1. Scan region 2-58 for residues that are crowded, with 18+ Cβ neighbours inside 10 Å, among the polar types (S, T, N, Q) and either over 12 Å from Ser134 (Cα atoms) or modelled with pLDDT under 50 (or both) and report the count.
2. Which of the residues spanning region 184-223 are touching a Cys at 6+ places or on another chain (Cβ under 9 Å) and either of a type in the set (Asp, Glu) or under 23 Å from Phe117 (Cβ atoms) (or both)?
3. Can you tell me which residue within region 471-497, out of those that are free of Cβ contacts under 8 Å to residues at least 40 places away in the same chain and not hydrophobic (A, V, I, L, M, F, W, C), is farthest from Arg515 (Cα to Cα)?
4. Among the residues in region 261-268, are any farther than 30 Å from Gly320 by Cβ and in contact with a Lys or Arg (Cβ under 9 Å, 6 or more places away or on another chain)?
5. Search region 147-168 for residues being more than 13 Å from the chain's Cα centre (by Cα) and under 23 Å from Ile403 (Cβ atoms), and hand back the single one that is surrounded by the fewest Cβ atoms within 10 Å (Cβ to Cβ).
6. Return yes or no: is Ile577 farther than 19 Å from Val476 by Cα and in the same structural domain as Leu479 (by TED's automatic domain parsing)?
7. So for region 508-517 (the condition being buried (at least 17 other Cβ atoms within 10 Å of the Cβ), polar (S, T, N, Q) and more than 27 Å from the chain's Cα centre (by Cα)), does at least one residue qualify?
8. Checking the conditions here, which among Gly293, Gly349 is in the same structural domain as Val411 (by TED's automatic domain parsing), touching a Cys at 6+ places or on another chain (Cβ under 9 Å) and touching a residue at least 40 places away in the same chain (Cβ under 8 Å)?
Amino acid sequence: MLHLEGLKRKFTISYHESFQDLFIPGVIGLLCGFFIIVFVKTVEFSYHIFLGKVIGYHPPLPAGEAGGAVVFHFLMERPYLLPFCVAFGGLIVGVITHLVPEARGEGTEMAIKAFHFRLPLGLKSAVFKLITSSITIGSGGVSGMEGPSALIGGSVGSFVGKLFKLDEHNKNIALAVGLGAGIAGVFKAPLAGALLSGELFYKRDFEVEALIPGFIASVTSYIVVGIFLGFEHMFKASTKPFTGLSVALFLTYFVMGVLAAFVARMLVFTFSKVHHIFVNLELHPALKPAIGGFFTGVLGMLNPLAIGSAYGWIQLLMLGKTEYLTPVHIILGIFMVILGLSLTLGSGGSGGIFGPCLVIGGLTGASFYHFAAFLNILPASELDIASLIIVGMIATLAAAANIPLSTLILVVEITGGYDLLVPSLISVSVAYLLTTDISMFSAQVKSRIDSPSHMDELKGALLRTFKVADIMTKNVVTLFPDDLVIKAERLMAQYTISGIPVVENGRVIGMVTGRDVMKVPITDREKVKVEHIMTKNPVAVLPEMSILEVLNIFISNGIGRAPVVEDFESKNLIGMITRVDIANFLAEQEKKKLKQSYDTAT
């Protein structure tokens, strides 16, 4: 019977773990896939209404969104209306986000902040983010679909976690898994999406627990989206095969990494400054996205790269169709897209930075190609414009968002080729190492130990790192052996303490606690000396011991306080440490860490 009960219990635990690790990520991926399909169709509808009907402009699309049709002839019938069109879209978004604040700004940033601070996300956040981002992108604002998809996915994950009554930690993992599944669906990149569910939250760490469920959710989301929208890679690119790494090729991609780092720094700086200007602008918050949208529209009039996502233009450049955009358009496009993105999202518009980062990086790669070709310094037999565009896209995104691993995998999944993995590794590594101090996502933290969501791990690290000398009470209230019990009682009441060491010539010889005092009848407390009730040779600790060691001593001996002595031979008293001291120290450190993380995120 006992054997059967053991098997039953083991099966129940195994079933529960399988249900949580397999079924729940599948549900998250399924819902994310359907939300992404609705999001994509809503963006297309918004494009049709705003840019199509109002402006008379039908932007080019990448091969993965155009069903393979990449031929395009540029025509904007009413360009003079573009500033007003983007401003009107910004006004609508401003009104909505004033009523629903979680739909404002960059979606990925909000999802990261929700993960670290365990903020509530639900389907309401997903629905309104879908609407506001569709209007922002469709009306011509410089924004991307991946950021909103991250927040939509995170909201779905958080909702599913609540639905299945997961604990706080696993609800947070579900949020991370949903974030990756959302990006996997819109990028059609399941492996990169799974890696993003672990990598995106930290600058120098990885959320390992999100990896396996992230794979399940991302693949599920990818399949659902692919069934309805097709499984084509986002971009169609014909690059030269990688046959080996020559010195010229290495130097070319090394320089590409340096350029990507420079552009990423310029992007982060510009975005931060523009956002700061709009935050301090004395204007109703609902009007700010309209102001940003108007000036974004002006940029779009001057250069079509500063309209919407601009993926289609990058696709044309990859295919060598340079007749639509001159090198001047391309080079100026880098600065215009950076400014347009900053105006769109920095003013309070809704969307994401992933898409614009890829566009900015692609234009950087194309500019480098034109410049180097003009000077005739490229190894022409080994390089082509598509290769530099793709590597520029990946390196710039990796540098700006601190996600080198995910972006390397993204190369393969958005283009369908493995030939650029080694070149990308060179450029991404260089760009990443040159931008370790910046990030487009201020809510990112350095490592798990810096995240408020991993505060328990922080406490463990603090217990191992800090010493007794760091938190002990140095001015200790003491008693002598011939002091009366009534004195001990009065000192405990006066200083609100429950234990006092007994010393003789500075040496600890005993410990009197409140429980010891209570054992003495009230009438005898003015007659009995503390040496008769004290615990002799009490457990003592050394100042160089870690707090964790002291806690283990407390637990194993069933005590809540201990005198701190110079050494175990002399037992000269130098301080006192209690469980309360440790608890207060951890609470103070937790408060400081939360404030520091919040200040960084805001």
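The values are calculated or read from the model by the stated rules, or taken from the named source; none is laboratory data. For clarity, every value in this text was computed on a predicted model and none was experimentally measured. Glycine also receives a Cβ, built like all others from the backbone with ideal geometry; neighbour counts cover every protein chain displayed.
1. Looking only at that region, the number is 0.
2. Result: Ala217, single match.
3. So, considering only residues that are free of Cβ contacts under 8 Å to residues at least 40 places away in the same chain and not hydrophobic (A, V, I, L, M, F, W, C), the one farthest from Arg515 (Cα to Cα) is Asn475.
4. No, region 261-268 contains no residue that is farther than 30 Å from Gly320 by Cβ and in contact with a Lys or Arg (Cβ under 9 Å, 6 or more places away or on another chain).
5. Restricting to residues being more than 13 Å from the chain's Cα centre (by Cα) and under 23 Å from Ile403 (Cβ atoms), the top hit is Ser158.
6. For Ile577, the condition - farther than 19 Å from Val476 by Cα and in the same structural domain as Leu479 (by TED's automatic domain parsing) - is not met.
7. yes
8. Gly293
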